[in-house]
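What follows is a single structure, written as structure tokens, with notes after it.
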Amino acid sequence: MNKTYNVVNGPQNVPAIVQGCMRMPDLSAEAAAKVIRTDYDLGINFYDHATCYGENGAAETRFGEAFPLTGLKREDVFIQSKCGLCFDRNEFDWSYDNIISSVDDSLRRLKTDYLDSLLLHRPDVIFDPEEVASAFDKLEKEGKVRYFGVSNLVPMQIELLKKYVKQPLVFNQVQLSLEQSQLIDQALYMNNKTTDMSCNRDGNALDYCRLHDITIQAWSPLQHGMFKGNFVDNPDFPKLNETLGKIAEREGVSKTAIAIAWILRHPAKIQAIIGTMNPEHIKDAYSAVNVTLSHHDWYELYLSAGKFLP
Ligand SMILES: NC(=O)c1ccc[n+]([C@@H]2O[C@H](COP(=O)([O-])OP(=O)(O)OC[C@H]3O[C@@H](n4cnc5c(N)ncnc54)[C@H](OP(=O)(O)O)[C@@H]3O)[C@@H](O)[C@H]2O)c1
């Protein structure tokens, strides 16, 4: 089964599960081609990149080398990249020059002449929205980028951008997993003084994005903490794994698939960006699209991840 979404003012029929390419730099071109083709044959024709994945954009370079080995055509796939996160210079940079040169570098590495979407990766807190608007206009006019979006942005930063940028911002890529569920927690706990899960750390980004037709893309759907590792089959999360295992057995899929199905069950039509580079794990993760969790399953999993009903 395929599970796809139509993004308002954006691309149609995008898959609910996206292949993240952050972990692609270590692969050979042949192994990367196998990942891309495995994805595509399952129904994952959407690939997420960033200029900072691997030294000197190594993930994009590897993808560009691998893609011709897959037998696919450029128009068969949706290629997204992100710019603005400059670890090499220890800064975030949304200046006109950096946006333009980053896209040109991505296109060269990916061996393509357009990106399907470009996201601003993390907020450059001294950004000038007029510079971003000029850069987006140029990239759109030259046919180098089809759709635009953001990543890790709070609603007021999006509002500020929207005052100047004329293209619709159609994606906001943010961290969300059963263990890292702040996007959801704050609304549930509201002003509850007994837990810091009530802290509003993102300005209600989830509800804002739903109100403004911005599709959320959930990064690291299986990780706990900030890249601390997978919570599935991790003894530090016994209750969560017990519930994942129970529902997985009932549905005839893996615990990983249930963890991803938990994200897909949210009515906001969230895309889950998986990071595995193992073709068997990709198939395993993709089986999440065949599972529709019940309302009760969703809460049971959420509570098993260490939350409580206030
Ligand atoms: N916008 C942002 O700021 C931001 C930040 C981080 C990431 N991202 C995006 O999100 C994507 C996903 O991030 P992530 O790699 O942390 O995601 P993830 O899917 O939560 O984690 C993937 C990791 O889990 C491991 N894993 C172990 N068993 C697995 C199984 N059965 N099935 C699937 N995975 C298994 C994978 O290893 P194996 O390869 O051995 O399977 C891999 O190391 C990135 O590629 C990137 O595109 C965006």
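A few comments on the model shown:
- Other-chain or far-sequence residues with amide H under 5 Å of Ser117's (modelled H): Ile79, Gln80, Ser81, Arg146, Tyr147
- Of all lysines in the structure, those lying under 26 Å Cα to Cα from Lys141, and not within fewer than 8 positions of it along the same chain, are Lys73, Lys82, Lys111, Lys162, Lys163, Lys166.
- Footprinting exposure proxy for Leu120, Leu264 (fewest neighbouring C-beta atoms within 10 Å first): Leu264, Leu120
- Efficiency of FRET from Cβ geometry, Asn9 and Tyr299, R₀ 30 Å, rounded to 0.05: 0.40
- Per residue, the Cα convex hull of the range 9-304 amounts to 134 Å³.
- The chain: most fluctuating residue of Glu91, Glu179, Glu65 per GNM, C-alpha cutoff 10 Å: Glu91
- Rounded to the nearest Hz, the phi-derived 3J(HN,Hα) couplings of the range 19-36 under the Karplus curve 6.51 cos²θ - 1.76 cosθ + 1.60 (θ = phi - 60°) are 8, x, 10, 4, 9, 7, x, 7, 7, 6, 4, 5, 5, 5, 4, 5, 4, 4, where x marks glycine and proline.
- Gain on full stretching of the segment that runs from Leu69 to Glu280 - 0.36 nm per residue minus C-alpha separation: 74.0 nm
- For the chain, the relative contact order is 17 percent, taking Cα pairs closer than 8 Å that sit 6 or more residues apart in sequence and dividing their mean separation by the residue count.
- In Hz, Karplus ³J(HN,Hα) per residue of the range 126-136 (6.51, -1.76, 1.60; θ = phi - 60°; x = Gly, Pro): 10, 6, 10, x, 5, 5, 4, 4, 5, 5, 4
- Candidates Leu211, Leu293, Leu244, ranked by Gaussian network fluctuation over the chain, Cα under 10 Å, top entry: Leu211
- For Lys246, the lysines whose Cα comes closer than 16 Å to its Cα, not counting residues fewer than 8 places off in the same chain, are Lys255.
- Relative to one another, the C-alpha centroids of the range 206-227 and the range 86-120 are positioned 22 Å apart.
- Anchor Lys193: lysines whose Cα lies under 27 Å away (excluding residues fewer than 8 positions away in-chain): Lys239, Lys307
- Residue with peak Gaussian network fluctuation, the chain [Cα springs, cutoff 10 Å], from Asp202, Asp76, Asp48: Asp76
- Packing-based exposure ordering (other Cβ within 10 Å, fewest first) of Glu280, Glu131: Glu280, Glu131
- Inter-site label distance for Thr292 and Lys246 at 7 Å from Cα along Cβ, in nm: 2.3
- Shown in residue order for the range 106-116 are the 3J(HN,Hα) couplings computed by the Karplus curve 6.51 cos²θ - 1.76 cosθ + 1.60 at θ = phi - 60°: 4, 4, 5, 5, 7, 6, 9, 9, 8, 9, 6 Hz (x for Gly and Pro).
- Classified by the C-alpha gyration tensor, the range 153-303 has a prolate form. Its axis ratio a/c, with a ≥ b ≥ c, is 1.5 or above, and a/b is larger than b/c.
Bear in mind these aren't lab numbers, they're just calculated from the coordinates by the rules spelled out. All figures in this text were calculated on a predicted structure; none of them were measured in a lab. For neighbour counting, all protein chains shown are included, and Cβ atoms are generated from backbone atoms with ideal geometry for every residue, glycine included.
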